[in-house]
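Step one of this worksheet: look at the structure below.
Bear in mind these aren't lab numbers, they're just calculated from the coordinates by the rules spelled out. The structure presented is a predicted model; accordingly, all values stated were derived computationally and were not measured. Cβ sites come from the backbone with ideal geometry, for glycine too, and all protein chains shown count toward neighbours.
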Amino acid sequence: MSDNKVLRAPPEYPESALPAHVHRLARPAAQQKATQLAFLRFDKADLDEAQRFWSDFGLIPVSRTADQLVMRGAGSAPAILMARKAKVSRYVGAAFTVASDTDFARLQRDSGAQPLAANAVPGGARGVSLLDPDGNEVWLITDWGAVDPLPLRAPKHHDMNALGQSIRLNATVRTYIEPATVGRLGHVVLQTTDFHTMADWYMRHLGLIPSDVQYLDDGAPFLTFFRLDLGDTPVDHHCVVIAGGLEACYEHSAWEVTDLDALGQGQQVLRVNGHEHMWGIGRHLLGSQLFDYWRDADGYAFEHYTDGDLFTSEREAHYGPFTTSALWAWGQDVPASMFPAKTPAMLWRALKLLRSGRVSLKRLLMMGKVIDTPTRPWR
Ligand SMILES: [Fe+2]
């Protein structure tokens, strides 16, 4: 008998043809629809070091004071990241643009929203601040200003030779030695101990729709990739991911770069400047992006990506089991640091969740089984 291993992809089911044991993700009516993931906000104990990392990562400083840093990408958004000087570093939250007829008064009345100060948003905007169920701040803004986009070099793949396709003749490839040009903010991934409450909140308050849903052995959704609902306008496969887990935390955020050469050359720049590489280069399975992950000095993960899937609202949600092998199609093995380490602190967290009744032993064991399953989809 051959010892050859067989590579397998995890199963995938369209929502209209779910196996009997898989539960459909319940979808509440949307109160308003987000039109764009605008920027992320962080508190940083060391703002200088944060600026050094994000600059090497490809973001561009717009303004900097002793207390605040604002950074943009090459696109027309006046900001894609804001950071405040603070005693303790933390993820604060995300800002989304919404339609200008959004009923902010109702949000203040019914959802505990607080109005934003006129100068709170770089570029100018009006809006409100909400708290999601895990306490992350979510800003909904409208009438946001715009800045002139910065010039981009032409994507290299227009000029790539492939088997049976000879395009580049009497010419060479020489990539620029520079940080990857980050054009825009793509997505943020949040872990939570209460997947259903968080997923319901983001669908209800932002009108997000599921692209891919992952379920545990009992068939209950446990992680969902959400995209904007802009009808016929194509949007990223996901702008928010809500992932079930043992703690409520920022998991990572992802920023779109020009192309694969920017991803690779950007890796060189981050490497030579001593930053901590985490995972990549590889290609994701769900969302299809070519990716490269880095950690900043506080251990927060930031992903460069290119060539992600674009869907309209037409595309049906797909479901598959919650498994690490659905994270990537090819590339370096997913690092152990992507998963909770079985430390006394993590055990204590699990016990607290059990005692509070927020998670059952059965569910904890199902989660443990996923983490213990070898990450490579070989058998
Ligand atoms: Fe990502």
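Odds and ends about this structure:
- Restricting the range 225-244 to residues that are more than 15 Å from residue 38 (Cα to Cα) and buried (at least 19 other Cβ atoms within 10 Å of the Cβ), the residue that is nearest to the ligand (Cβ to nearest atom): 241
- Selection within the range 270-318 - surrounded by 18 or more Cβ atoms within 10 Å (Cβ to Cβ), of a type in the set (A, V, I, L, M, F, W, C) and closer than 13 Å to residue 57 by Cβ: 270, 278, 294, 301, 302
- Summed over the range 172-207, the residues that are assigned to a loop (DSSP other than H, G, I, E, B) and either within 16 Å of the ligand (Cβ to nearest atom) or closer than 30 Å to residue 27 by Cα (or both) give a count of 4.
- Candidate set from the range 24-75 (those that are of a type in the set (Asp, Glu) and part of a loop (DSSP other than H, G, I, E, B)); member that is nearest to residue 204 (Cα to Cα): 67
- The residue that is surrounded by the fewest Cβ atoms within 10 Å (Cβ to Cβ), counting only those in the range 245-264 that are within 14 Å of the ligand (Cβ to nearest atom) and among the hydroxyl-bearing types (Ser, Thr, Tyr), is 250.
- Complete set of residues in the range 285-308 that are within 12 Å of the ligand (Cβ to nearest atom) and either farther than 24 Å from residue 53 by Cα or among the small types (Gly, Ala, Ser) (or both): 285, 286, 287, 288, 301, 308
- Scan the range 44-59 for residues that are surrounded by fewer than 17 Cβ atoms within 10 Å (Cβ to Cβ) and in contact (Cβ under 8 Å) with a residue 24 or more places away in the chain and the total you get is 5.
- Those residues of the range 276-321 which are in a loop (DSSP other than H, G, I, E, B) and under 17 Å from the mean Cα position of the chain (by Cα), in sequence order: 285, 286, 287, 288, 289, 296, 299, 300, 307, 308, 309
- Enumeration of residues in the range 324-338 that are of a type in the set (Ser, Thr, Tyr) and surrounded by fewer than 18 Cβ atoms within 10 Å (Cβ to Cβ): 337
- The criterion of at least 2 residues that are under 23 Å from residue 61 (Cβ atoms) is met by the following strands (runs of 3 or more DSSP E) wholly inside the range 90-171: 90-98, 137-142.
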